[in-house]
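Here is the structure we will look at, set down as structure tokens.
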Amino acid sequence: MEFLKVLESIRTPLLDRLFLLLTFFGEEVLVLAIICFLYWCYNKRLAYRICFSFFTSGLLVQTLKITFRVPRPWIKDPSFIPVEKAVKTATGYSFPSGHTQCATALYSTFAWNTKKTRNRIICFIIICSVMLSRMYLGVHTVADVFVSFGLTLLLSLGTNYLITRFELLDKNYKITAILLSIISIAVAVYSLILLQGSVIDSKYASDCCKAAGAGIGFSLGWYIESTYIHFNEKSSYPSKQIVKFLIGIGIALLLKVGLKVVLGASIPADMIRYFLLVLWITVAYPYLLKRYDSKQ
């Protein structure tokens with residue numbers, strides 16, 4: 001907390017705006033938008049690598065959150081005041097940091113898969129900026145961000161090594177999909193056990209089940225697309241790629257909101273909603289894109 005209080009003492013309106021901008025690079029919505037663009041329009045194999053790192057580390061972070069149940073800094077110390085605009089995105093328990101996990105999963109995978117030293121440096125500068133922003137804004141402690149960074153970095157490096165070593169993007173689809181689905185289901189069951197025992201509130205169990213639903217959706221979607229669809233994300237027309245992305249992400253946002261209205265607000269509904277949303281991204285939209293391309 002002492003380091004956070006030092007950062008609190010140097011806050012200015014200009015620095016507040018700067019760090020609110022930097023923290024956005026770790027927002028889940030931006031990370032998912034980048035993954036969707038890569039997957040639909042630029043480099044499907046790189047998107048898969050990012051997804052393995054993103055979903056496995058996300059499941060781990062959610063599990064650790066409900067296991068250790070560390071309160072946010074301003075709850076630990078009522079005299080400490082975070083930046084108000086950052087509090088609304090600081091949901092769930094404090095340890096480990098979800099924004100750091102999102103940023104590390106995305107940008108470290110970029111770093112592992114580029115040969116340019118300059119690009120690697122930029123990726124890690126972005127990660128460090130997100131980590132510092134979470135502490136400056138007062139929503140995470142040093143332990144929150146560094147543990148999240150370390151664990152996600154190891155998972156990112158590990159998943160990329162396994163993908164390359166065992167050619168997971170070219171074979172062994174079924175086994176890999178089953179393993180990731182089992183892990184996702186185990187996280188959901190664990191959160192529901194804690195909820196049933198009144199150890200955690202429903203909102204924390206819901207966050208875990210959302211991550212589990214997304215993980216299962218990715219497992220199934222990756223298997224179906226890699227086995228049966230094989231859509232081509234490339235195009236020689238940049239304008240077509242932009243339109244393709246905007247349509248896909250627009251429908252994804254509509255599904256995210258619309259499914260909540262249709263399914264209602266409950267833990268099973270949240271899990272199903274994220275499962276269907278990821279299936280749209282990984283299977284339904286690629287299938288439609290392939291059908292459209294075949295008619296051109």
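We did not get these values from a lab; they are worked out from the coordinates using the rules stated. Bear in mind the structure is a predicted one, so any value in this text is a computation, not a measurement. Ideal geometry is used to build each Cβ from the backbone, glycine not excepted, and the neighbour counts take in all protein chains shown.
Assorted remarks:
- Here each label is just a point 7 Å from Cα along the line to Cβ, and for Leu132 and Arg17 those points are 1.9 nm apart.
- Normalised by the number of residues in segment 173-296, the mean separation of alpha-carbon contacts (under 8 Å, six or more apart) gives a relative contact order of 35 percent.
- Within the same chain, aspartates and glutamates fewer than 8 places from Lys76 are excluded, and of the rest, those with a Cα less than 15 Å from its Cα are Glu2, Asp144.
- Cα shape, segment 32-97, gyration tensor, a/c 1.5 rule: oblate
- Entries in Lys5/Lys203; Lys174/Lys203; Lys240/Lys290 that, when Cα-Cα distance is taken, lie over 23 Å: Lys5/Lys203; Lys174/Lys203
- Taking other C-beta atoms within 10 Å as the exposure proxy, Asp270, Asp77 rank Asp77, Asp270 from fewest upward.
- Whether segment 149-206 is rounded, prolate or oblate, judged on the alpha carbon gyration tensor where a/c under 1.5 counts as rounded: oblate
- Of all aspartates and glutamates in the structure, the ones whose alpha carbon falls short of 20 Å from that of Lys44, not counting any fewer than 8 places away in one chain, are Glu28, Glu167, Asp170, Glu225, Glu233, Asp293.
- A prolate overall shape is assigned to the chain, the ratio a/c of its alpha-carbon gyration tensor axes (a ≥ b ≥ c) being 1.5 or greater and a/b exceeding b/c.
- When Ser97, Ser294 are arranged by Cβ crowding within 10 Å, least crowded first, meaning fewest neighbours, the order is Ser294, Ser97.
- Considering only alpha-carbon pairs that sit under 8 angstrom and 6 or more positions apart, the relative contact order computed for the chain is 22 percent.
- Comparing Gly250, Gly98, Gly58 in a Gaussian network model of the chain where C-alpha atoms under 10 Å apart are linked, the largest mean-square fluctuation is found at Gly250.
- Most to least packed among 234-244, 36-46 [average Cβ atoms within 10 Å]: 36-46, 234-244
- Taking Cys123, Cys102, Cys208 and counting other C-beta atoms within 10 Å, the order from fewest to most: Cys123, Cys102, Cys208
- Percent RCO, i.e. relative contact order, over segment 1-171, from Cα pairs under 8 Å lying at least 6 residues apart: 33 percent
- Each part gets one Cα centre, and for segment 216-249 versus segment 84-117 those centres are 24 Å apart.
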